[in-house]
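Step one of this worksheet: look at the structure below.
The values are calculated or read from the model by the stated rules, or taken from the named source; none is laboratory data. The structure presented is a predicted model; accordingly, all values stated were derived computationally and were not measured. Heads up, the Cβs are rebuilt from the backbone with ideal geometry, glycines too, and the neighbour counts pull from every protein chain shown.
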Amino acid sequence: MSKGKIKFALFGNECQEHRLSCVREIFSFLAERHLDFLIEKDFFDSLTDELRKQIPAEALITDKMFDADYVISIGGDGTFLKAA
């Protein structure tokens, strides 16, 4: 992680239609501020299939070890526990 730069980690479950607007707002917020983020691989795969576009994540989270300052969990209890 670059010194002084805040990094986010994004977790979610399968992308559901009612959550897409929230996801788009989060990506917009991060992009406008040039903030780095990691994204959990299964969530990434679901989003790229649903949104049909490239997601500029710095890296994919594939296991329990990741380096981030803040975690954003989009989903229910299971998603929150997975992120924790």
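Before moving on, here are some points about what is shown:
- Tallying residues that are closer than 19 Å to A83 by Cα, polar (S, T, N, Q) and either in contact with an Asp or Glu (Cβ under 7 Å, 6 or more places away or on another chain) or at pLDDT below 75 (or both) within region 44-63 yields 1.
- Residue list for region 5-26, filter: at pLDDT below 90, outside any loop (DSSP other than H, G, I, E, B) and in contact with a helix residue (DSSP H, G or I) (Cβ under 9 Å, 6 or more places away or on another chain): G12, E17, L20, V23, R24
- In region 27-84, of all residues being farther than 14 Å from E14 by Cα and in a helix (DSSP H, G or I), the one that is nearest to the chain's Cα centre (by Cα) corresponds to F27.
Matching residues to (1) of a type in the set (A, V, I, L, M); (2) in contact (Cβ under 8 Å) with a residue 60 or more places away in the chain; (3) surrounded by 11 or more Cβ atoms within 10 Å (Cβ to Cβ):
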site	(1), (2), (3)
R33	no, no, no
D36	no, no, yes
E40	no, no, yes
F43	no, no, yes
L47	yes, no, yes
R52	no, no, no
P56	no, no, yes
A59	yes, no, yes
